[in-house]
Amino acid sequence: MQQPAQPDIAALTALRRDLHRHPELGFEEHRTAGIVAERLRALGLEVETGIAGTGVVATLRGNGRSVGLRADMDALAMPETSGLPYASETPGKMHACGHDGHTTLLLGAAEVLAADPPAGTVHFIFQPAEEGRGGAKAMVEAGLFERFPCDMVFGLHNMPGLAPDQMAVVVGPQLASSDSWRLTFRGIGTHGAKPHLGRDPVTAAGQFLSALQTIPGRVVDPLQPSVISACSLRAGDPNALNVIPDFVEIGGTARAYTPEVRDQLEHEIGRLAHGIASAMGVTAEYDYIRRIPPVVNDAGATEIALRAAQSVSDNVITDFPPSTAGDDFAFFGQEAPGAYVWLGNGPAVDGALHHNTGYDFNDQALPTGIAFWAAVAREALT
Ligand SMILES: [Zn+2]
Ligand SMILES: [Zn+2]
């Protein structure tokens, strides 16, 4: 058996901290993408830039099957308070989700695999704009999978609370769908003293809100998790307390872990709104905005990811709870069988979790993460 090439962890740690120091928001990752492309070209890979703006894909070409490995590159619009020597130098921008680490891990894996190529083709996918700006969808729409066909695709995220040499690889749902909905109850505005002369949308909105939780509670299978929250409510004018307004606007979020429950939430929120509107003699305009599908790990891809994780870590768990957050890796998982795994980030330092102003990727996770990426490519292509 061939001894795998060893990544230069000291150099990669320096790179990771440089990326941390220079965070860039979604679709603005020009410096980061430039560094990524330059390093990948230096390895002799075929490199394509400018995919969906700042996306980069590098290909290590072989014969037979092909696999896609995804890293996200963007930071968040928030200040950093970590006090680290390599803290963000850009006010109001910060790598608070560890995507600086994800970018570095995949560059490290490209070094390892380029030095000792696997049997098939590896596409290293560096995605822009994971944090709510639609980078994955934009890459798919830019023809990612037509230009770089993948038999399987894998994603990875750092996870505080797990040790830096620990991984969680779990079949099935990992992250929830993340959708928005908007609703307008439209009635006939009238004098607050003469409700019988109009049609009151405020009372209809009250009925709707009090019935909304019957969808997760009474309609969706109790063994299937789901969340519906009304998060915005607008009606009338606080300076006009004798006026029943013409309309009420309500908006919120909906989360599910399967495409079926997601469809059900879309349908049922609308059904409830139209039903209550009809009962109250007003009308409802309803709009459900599909943002990110759930991330659901394919059984075959998960098996491959698990074998890869177990080959590089003695500390792999297969029971880890799904997150109600979302990741637009889900769009890649719709195009090819995929698996999304968790890499430990060590204990939460001072309680800092993802999207906290003190968060930092743990460089001690680099060796395990890089070894995993290389191993999963080899496993998938064998
Ligand atoms: Zn995030
Ligand atoms: Zn993230």
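For segment 1-84, what does the alpha-carbon gyration tensor say about shape, rounded, prolate or oblate, given a ≥ b ≥ c as the root eigenvalues, a/c under 1.5 as rounded, and a/b over b/c as prolate?
It comes out oblate by the Cα gyration axes.
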I'd like the distance between the alpha-carbon centres of segment 38-80 and segment 236-289, rounded to an integer number of Å. 41 Å
With N denoting the number of residues in segment 223-382, provide Rg(C-alpha) divided by 2.2 N^0.38 Å, to two decimal places. 1.48
Once you have the alpha carbon radius of gyration of the chain, what is it after dividing by 2.2 N^0.38 Å, with N set to its residue count? 1.14
Which order do Ser177, Ser311 take when ranked by solvent-accessible area (1.4 Å probe, heavy atoms of all protein chains), largest first? Ser311, Ser177
Roughly how big is segment 258-374's charge dipole about its Cα centre, with Cβ charges of +1 (Lys, Arg) and -1 (Asp, Glu), in debye to the nearest 20? 100 debye
Compute from the Cα atoms of segment 42-134 the Rg and the Dmax, the latter being the longest Cα-Cα distance, and quote both in angstrom. 15.4, 48
Highest first, please rank the peptides 281-293, 188-200 by the mean number of other Cβ atoms sitting within 10 Å of their residues. 281-293, 188-200
Counting all Cα-Cα pairs in segment 178-292, those more than 25 Å apart amount in percent to 25 percent
Ranked packing of 226-232, 329-335, most packed first, by mean Cβ within 10 Å: 329-335, 226-232
List the relative contact order of the chain as a percent without decimals, with contacts defined as Cα pairs under 8 Å and 6+ residues apart. 25 percent
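The values are calculated or read from the model by the stated rules, or taken from the named source; none is laboratory data. Fair warning: this is a prediction, and the values are worked out from it, not measured in the lab. Cβ atoms come from the backbone with ideal geometry, glycine included; neighbour counts cover every protein chain shown. When the accessible area is computed, the model is the full protein with side chains, heavy atoms only, and any ligands, DNA or RNA have been set aside. Shrake-Rupley method; radii C 1.70, N 1.55, O 1.52, S 1.80 Å.
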